[in-house]
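The values are calculated or read from the model by the stated rules, or taken from the named source; none is laboratory data. Note that the structure is a prediction, hence the values are computed from the model and not measured. Heads up, the Cβs are rebuilt from the backbone with ideal geometry, glycines too, and the neighbour counts pull from every protein chain shown.
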2 protein chains.
Amino acid sequence: MKNIYFTPGPSQLYPTAPKHIRDALKNNICSISHRSDAFKEIFKEAKDSIRQLLSIPSTHEIAFLSSSLEVMERTIQNLVKKKSFHVVDGAFSKKWYEMAINLGKQSSYITFKPSQLFNQLIIPKHTEIICITHNETSIGIMIPMEEIYRIKKKYSSIPLALDMVSSFPYPEINFNYIDIAFFSVQKGLGLPAGLSVLIVNNKLTDRSVGSYHSFKELFAKAESNQTPETPNILAIYLMAKVAGDILKRGIINIRKETEKKAKLLYDYFDNCSWAKPFIANKKYRSRTVMVIEVKNDAEHIANTLKEKGMIIGRGYGEYKNTHIRIANFPQHSIGMIKKLIINLRKIKLQS
Amino acid sequence: MKNIYFTPGPSQLYPTAPKHIRDALKNNICSISHRSDAFKEIFKEAKDSIRQLLSIPSTHEIAFLSSSLEVMERTIQNLVKKKSFHVVDGAFSKKWYEMAINLGKQSSYITFKPSQLFNQLIIPKHTEIICITHNETSIGIMIPMEEIYRIKKKYSSIPLALDMVSSFPYPEINFNYIDIAFFSVQKGLGLPAGLSVLIVNNKLTDRSVGSYHSFKELFAKAESNQTPETPNILAIYLMAKVAGDILKRGIINIRKETEKKAKLLYDYFDNCSWAKPFIANKKYRSRTVMVIEVKNDAEHIANTLKEKGMIIGRGYGEYKNTHIRIANFPQHSIGMIKKLIINLRKIKLQS
């Protein structure tokens with residue numbers, strides 16, 4: 001049976017992805033040289049589609065790395081001599097902070113709470129970068145973009161880096177306030193894992209700390225539609241194709257549908273006897289990764305849905321048995337979400 | 001038309017790779033969680049097959065990174081405080097040295113010449129690692145393993161790292177003399193690019209310099225069949241399957257066939273009026289990436305073969321127009337090599 005994956009990533013493939021993989025095989029995409037014109041065209045197509053999808057202005061450049069953890073590392077490496085500042089809203093933003101510490105930086109963080117607003121935030125002097133995770137895959141918090149912009153308006157000289165790993169392509173980003181953004185293809189693009197997209201203000205792309213993935217080398221190559229290493233060519237090809245498909249569907253439609261599907265799910269869980277959204281404050285609830293408190297029933301719920309061919313995520317880390325996580329990406333149709341809710345209703349009767 | 005790729009990597013896919021890709025789609029491999037038992041089994045299968053293929057003893061551990069350039073970087077990062085020493089036999093070994101310099105090390109190198117033997121080699125005091133590229137993809141030199149072991153025998157306390165990126169799985173390695181080895185899947189495994197395999201003596205796997213790919217974190221995860229990041233799951237799956245297929249064919253057979261095919265090609269070029277192997281000394285000629293001097297005809301030769309559906313590599317860097325490069329990996333059958341020679345003979349008539 002073909003399952004439907006509502007897991008937060010890797011997740012369901014975008015419906016056209018298997019066709020593009022078959023086309024790639026037919027057209028020898030996995031054998032072409034990463035220094036060939038054919039590859040450069042694929043790279044350009046991928047870059048152009050991502051640029052169009054997120055309305056990325058010409059002030060910002062795009063490169064591809066192997067994972068979002070790598071992006072977090074390269075961002076700290078290239079932009080921070082001593083101090084980064086982190087808004088920690090869950091396990092992944094915490095990991096970014098810890099990575100800075102492991103890299104020998106004197107970094108600091110605040111713990112973000114949904115009730116808290118950023119207008120009173122004080123950032124330490126000599127901070128070289130502000131790191132924020134837009135959507136915490138671990139607990140289902142999404143920080144409204146306006147609040148993130150407010151920080152940048154107050155601290156306009158400090159580069160602001162946005163982890164949008166699991167929110168892409170939902171948020172409309174105003175790149176006047178965002179210097180760095182990145183996401184992974186196995187989430188909102190519905191692709192096989194193994195690639196991350198990095199967007200950087202070209203004021204920062206000349207930093208050359210480290211080796212083959214120093215910003216300078218990475219972006220010099222990217223400008224000529226190349227990578228320093230032999231990259232995951234298949235993933236770059238698939239990104240070009242699937243981002244193109246999403247563009248055809250219309251990013252505005254995708255965003256509206258994302259909200260509609262999120263509302264269906266939250267409405268259900270807000271009125272559910274055996275579960276409730278982990279984030280009470282609706283303003284801060286993720287639209288792309290819903291985290292639901294379920295007492296100690298996560299395993300039972302996941303297994304029951306699995307029997308119906310629907311795979312959901314378990315809670316992250318300490319919440320493994322008390323949370324379930326449901327992704328709401330462009331590849332998840334309204335029909336799939338409705339089918340999931342029908343089956344969730346049946347669980348209610350069992351418990 | 002389906003081309004045959006004799007390019008040094010990315011190259012021809014292993015004949016069973018497309019079937020395994022289709023199976024992966026059928027079995028939802030691209031959607032499963034990298035923390036699931038299903039993934040752990042795939043990871044273990046990949047590790048076990050590689051271990052069996054290269055007869056890797058239990059003294060050495062295996063992990064997967066995103067590219068061989070990344071492996072070069074992590075090796076320097078984790079094992080070198082000040083000094084690495086490099087045997088430079090071409091552009092890729094030079095890149096490894098330059099990477100060490102970019103990482104702020106006081107590294108040194110010697111330029112290897114095919115006539116030169118290692119028994120008089122003097123390595124600087126306080127060298128922390130010796131880096132050798134077994135097979136130089138750029139110019140087609142292959143250093144005999146016995147000569148490499150000789151260095152380790154003389155400097156037994158210094159870790160020896162072997163780049164076997166484009167020679168795997170041809171050399172039989174005695175891991176008593178090799179502390180670190182690595183290769184990329186897009187060459188001798190005939191897989192889509194985007195993964196590198198790192199083998200490290202477990203005396204060295206506790207180093208924890210850097211962040212998410214510090215040896216300590218990488219190998220702690222690898223031990224439990226995991227990766228720190230969301231990895232290229234599809235590539236790990238394909239590696240498990242194709243390495244298994246190669247095992248069934250028999251590694252001894254593969255090695256014999258590699259030599260037979262190399263001999264066919266070198267015999268042809270040694271007696272060719274318009275071309276000759278770039279490395280004159282037969283002992284040092286690569287068996288897996290043949291580099292052939294062709295005056296200024298590289299473009300013409302490559303284009304002529306392309307019309308027949310055969311794609312060969314052009315010269316590397318400064319040799320772009322004066323060399324051609326022909327890969328001889330397990331996915332290149334004797335029939336393919338013979339077909340290539342038949343078409344090469346026709347070129348002879350044209351020139």
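Would you mind stating whether B:GLN106 is farther than 30 Å from A:ALA17 by Cα, more than 8 Å from chain A (Cβ to nearest Cβ) and in a loop (DSSP other than H, G, I, E, B)? If you could, list the steps in order and put the result at the bottom.
On the way: farther than 30 Å from A:ALA17 by Cα: yes; more than 8 Å from chain A (Cβ to nearest Cβ): yes; in a loop (DSSP other than H, G, I, E, B): yes.
The answer is yes for B:GLN106.
Residue check: B:GLN52 meets all listed conditions (1) more than 10 Å from chain A (Cβ to nearest Cβ); (2) out of contact with any helix residue (DSSP H, G or I) (no Cβ under 9 Å at 6 or more places or on another chain) but one, namely (2).
None of B:PRO171, B:PRO144, B:PRO114 is surrounded by fewer than 19 Cβ atoms within 10 Å (Cβ to Cβ), under 16 Å from the mean Cα position of the chain (by Cα) and within 17 Å of B:ILE279 (Cβ to Cβ) except B:PRO144.
Could you say whether any residue in the range B:60-79 is among the charged types (D, E, K, R), surrounded by fewer than 20 Cβ atoms within 10 Å (Cβ to Cβ) and within 14 Å of another protein chain (Cβ to nearest Cβ)?
Residues of the range B:60-79 that are among the charged types (D, E, K, R), as a first pass: B:61, B:70, B:73-74.
Of the ones still in play, those that are also surrounded by fewer than 20 Cβ atoms within 10 Å (Cβ to Cβ) are none.
No, the range B:60-79 has no match at all.
A search for C-beta distances below 6 Å between a residue of the range A:184-212 that is without any contact (Cβ under 8 Å) to a residue 60 or more places away in the chain and any residue that is buried (at least 24 other Cβ atoms within 10 Å of the Cβ) and assigned to a loop (DSSP other than H, G, I, E, B), counting only pairs 6+ apart in sequence or on different chains, returns A:VAL185/A:LEU191; A:VAL185/A:LEU195. Looking only at residues of the range B:234-273 that are closer than 20 Å to B:THR322 by Cβ and surrounded by 16 or more Cβ atoms within 10 Å (Cβ to Cβ), we find that the one that is farthest from the chain's Cα centre (by Cα) is B:CYS272. Given the criteria of a type outside the set (Phe, Trp, Tyr) and in the same structural domain as A:SER167 (by TED's automatic domain parsing), does A:LYS241 qualify? When the stated conditions are applied, A:LYS241 passes them.
Select from the range A:200-226 the residues that are of a type in the set (Val, Ile, Thr) and crowded, with 24+ Cβ neighbours inside 10 Å and list them in ascending order. Break it down stepwise before answering.
Taking the range A:200-226 and keeping what is of a type in the set (Val, Ile, Thr), we get A:200, A:205, A:209.
Residue satisfying the conditions is A:VAL200 alone.
Here B:PHE219 meets the list (1) part of a loop (DSSP other than H, G, I, E, B); (2) under 19 Å from B:ARG35 (Cβ atoms); (3) in contact (Cβ under 8 Å) with a residue 40 or more places away in the chain almost entirely, failing just condition (1).
Of all residues in the range A:17-34, those satisfying the criterion of being surrounded by fewer than 19 Cβ atoms within 10 Å (Cβ to Cβ) and more than 9 Å from every other protein chain (Cβ to nearest Cβ) are A:LYS19, A:ASP23, A:ASN27. You will find that of A:ILE292, A:ILE301, A:ILE341, the residue that is within 21 Å of the chain's Cα centre (by Cα) and more than 30 Å from A:ALA63 (Cβ to Cβ) is A:ILE292 and no other. Pairs meeting the criteria (first residue in the range A:54-80 and over 25 Å from A:GLY244 (Cα atoms), second residue part of a helix (DSSP H, G or I), beta carbons under 6 Å, at least 6 apart or on different chains) are A:MET72/A:TRP96; A:MET72/A:MET99; A:GLU73/A:MET99; A:ILE76/A:ALA100; A:ASN78/A:PHE215. Within the range B:12-40, residues that are small (Gly, Ala, Ser) have Cβ atoms under 7 Å from residues that are part of a helix (DSSP H, G or I) in these pairs: B:ALA17/B:LEU238; B:ALA17/B:VAL242; B:ALA24/B:LEU234; B:ALA24/B:TYR237; B:SER33/B:PHE39, counting only partners at least 6 apart in sequence or on another chain.
Restricting the range B:284-299 to residues that are of a type in the set (Lys, Arg) and at pLDDT 95 or above, the residue that is nearest to B:PHE329 (Cα to Cα) is B:ARG287.
With respect to B:ILE158, determine if the residue is modelled with pLDDT under 95, more than 14 Å from chain A (Cβ to nearest Cβ), over 22 Å from the mean Cα position of the chain (by Cα) and part of a loop (DSSP other than H, G, I, E, B). It is false that B:ILE158 is modelled with pLDDT under 95, more than 14 Å from chain A (Cβ to nearest Cβ), over 22 Å from the mean Cα position of the chain (by Cα) and part of a loop (DSSP other than H, G, I, E, B). Here B:ILE122 meets each of (1) hydrophobic (A, V, I, L, M, F, W, C); (2) buried (at least 21 other Cβ atoms within 10 Å of the Cβ); (3) away from chain A (no Cβ under 14 Å) with one exception, condition (2). Contact annotation: residue pairs with Cβ atoms under 8 Å, 6 or more positions apart or on different chains, pairing a residue in the range B:153-174 that is within 21 Å of B:HIS332 (Cβ to Cβ) with a partner that is charged (D, E, K, R) and assigned to a loop (DSSP other than H, G, I, E, B), are B:VAL165/B:LYS187; B:SER166/B:LYS187; B:SER167/B:ARG287; B:PHE168/B:LYS187; B:TYR170/B:ARG287.
Of all residues in the range A:270-281, none are in a helix (DSSP H, G or I), outside the structural domain of A:GLN116 (by TED's automatic domain parsing) and hydroxyl-bearing (Ser, Thr, Tyr).
What residue, of B:ASN321, B:ASN303, is in a loop (DSSP other than H, G, I, E, B) and either of a type in the set (S, T, N, Q) or in contact with a helix residue (DSSP H, G or I) (Cβ under 6 Å, 6 or more places away or on another chain) (or both)? Please lay out each step first, then the result.
Numbers: B:ASN303 fails: in a loop (DSSP other than H, G, I, E, B).
After ruling out the rest, the residue left standing is B:ASN321.
Taken as a whole, the structure leaves A:GLU172 outside the set of residues that are assigned by TED's automatic domain parsing to the domain that holds A:ILE62, farther than 22 Å from A:LYS83 by Cβ and not in a loop (DSSP other than H, G, I, E, B). Of all residues in the range A:319-335, those satisfying the criterion of being more than 12 Å from A:GLU257 (Cα to Cα) and surrounded by fewer than 17 Cβ atoms within 10 Å (Cβ to Cβ) are A:LYS320, A:ASN321, A:THR322. The single condition from (1) under 23 Å from B:GLU73 (Cβ atoms); (2) within 14 Å of another protein chain (Cβ to nearest Cβ); (3) in a loop (DSSP other than H, G, I, E, B) that B:LYS203 fails is (2).
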